[in-house]
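Report on the structure given below.
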Amino acid sequence: MKKVILLAGPTASGKSELAIYIAKKINGEIINADSMQVFKEIKILSARPEDYKNIKHHLYGFISVKKNFSTGEWIKYTEKKIKEILKKKKTPIIVGGTGLYFKSLIDGIAQIPNISKAKRDKIIKLFNQIGAGEFYKKLIKLDPKCKNKIIKNDKQRMIRFYEVKFYTKKSIFDWQKNTKNNLKDIHFKKIFLNFPREVLLVKIEKRFKKMVDQGAIKEAKKFKKLGVSKTLTSNNILGLKEIMSYLEGKMTLKDAVERSIIRTRQYIKRQMTWFRGQMKDWNEFNDLKQADLRKKVLKFIRTP
């Protein structure tokens, strides 16, 4: 069977560097599985790899922040890239922190009928009118299957779950039962970097401060000038909202940095909850010494 490497882990776990090391060792090419690193105008705040080290990278910085980018679109692009890389007798290495991308690639994605922008805008308008709390109550009443499946401040997913049930008369969870994987004869080698949370917290603090030094504020200024709709996915890039508040004079730079770090910590917690719940059959690696980690991961990859 053809081998495809899946490398997942929370923010700041060193996935990009490990992926490059693996690619050099096994003649691989890297495919992005981070929903924020697809946007071309935000490189620093999305923590897009700075140096590709002469390894071919795909699906990084190729979509405008003015466009939404769905899991279904990512699957379509990724399946195509996997086939192209395998055809070249090379190994695809899919790396990122967006758990839903990996799950959808392995299990397949539901074929939900397309819902027009005009229809979606009506649901967004309703959300904005009544607020997250009341919208959550309406969602549970409309689709009881959503109860305990979503948190109340997850605006995008709430709107998505609501619109699917409202316009298709069928719960998104019923649609998801009928999924299929389009990749045949593929052996996925599943790697999950599971480092202690306290280690990651130290890393994210250093990394975010480095982002500010590298030009994150200038990047946010450019984003602000683009006039991106508040409903688009790119607004979820960690630190962007906080720096925009600083630019608007609503908080100091120090507060913006501190709040960005706190938000990143909260995001890591959600990532880890997802990974532990959805990726139970993945192989976990938690070696803090890079040499040991690389050695073990390579051994695992090379095992049939």
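Here, each number is a calculation from the coordinates, and none is a lab measurement. These figures come from a predicted structure and were not determined experimentally. For neighbour counting, all protein chains shown are included, and Cβ atoms are generated from backbone atoms with ideal geometry for every residue, glycine included.
Phi angles of region 54-63 translate, via the Karplus equation with coefficients 6.51, -1.76, 1.60 and θ = phi - 60°, into HN-Hα couplings of 6, 9, 5, 10, 10, 6, 10, x, 10, 10 Hz per residue; Gly and Pro are given as x. Each residue of region 150-167 was assigned a 3J(HN,Hα) from its phi angle through the Karplus curve 6.51 cos²θ - 1.76 cosθ + 1.60 (θ = phi - 60°); the sequence is 8, 8, 5, 9, 8, 4, 4, 5, 4, 5, 5, 4, 5, 5, 5, 5, 5, 8 Hz, with glycine and proline shown as x. With R₀ set to 25 Å, the beta-carbon distance separating residue 290 from residue 269 gives a calculated FRET efficiency near 0.55. Comparing Cα centroids, region 165-192 and region 25-57 end up 25 angstrom apart. Cα extents for the chain along the principal axes, largest to smallest and rounded to whole angstrom: 54, 48, 32. Dipole size of region 117-175 about its Cα centre, with +1 on Lys/Arg Cβ and -1 on Asp/Glu Cβ: approximately 80 debye, rounded to the nearest 20. Highest mean packing first, where packing is the average number of other Cβ atoms within 10 Å per residue, the peptides 113-125, 246-258 line up as 246-258, 113-125.
A simple spin-label model places the labels of residue 244 and residue 151 2.0 nm from each other, with each point 7 Å out along Cα-to-Cβ.
Once the mean of 1/r is taken over each pair of separate Cα atoms and inverted, region 256-298 shows a Kirkwood hydrodynamic radius of 12.5 Å. Distant-in-sequence amide contacts of residue 35, defined by a placed amide H-H separation under 5 Å and a gap of 5 or more residues or a different chain, comprise 97, 98. Proximity of backbone amide H atoms, modeled 1.01 Å from N, is registered between residue 29 and 91, 93 at under 5 Å, excluding neighbours fewer than 5 places apart on the same chain.
Charge dipole (Cα centre; +1 on Lys/Arg Cβ, -1 on Asp/Glu Cβ; no other charges) of the chain amounts to roughly 560 debye. Roughly what % of Cα-Cα distances in region 1-129 sit above 26 Å, to the whole percent? In whole percent, the share of Cα-Cα pairs in region 1-129 beyond 26 Å is 26.
Going from the residue with the fewest nearby Cβ atoms within 10 Å to the one with the most, 232, 45 rank 232, 45.
The percentage of C-alpha pairs in region 117-175 whose separation is greater than 14 Å is 47%.
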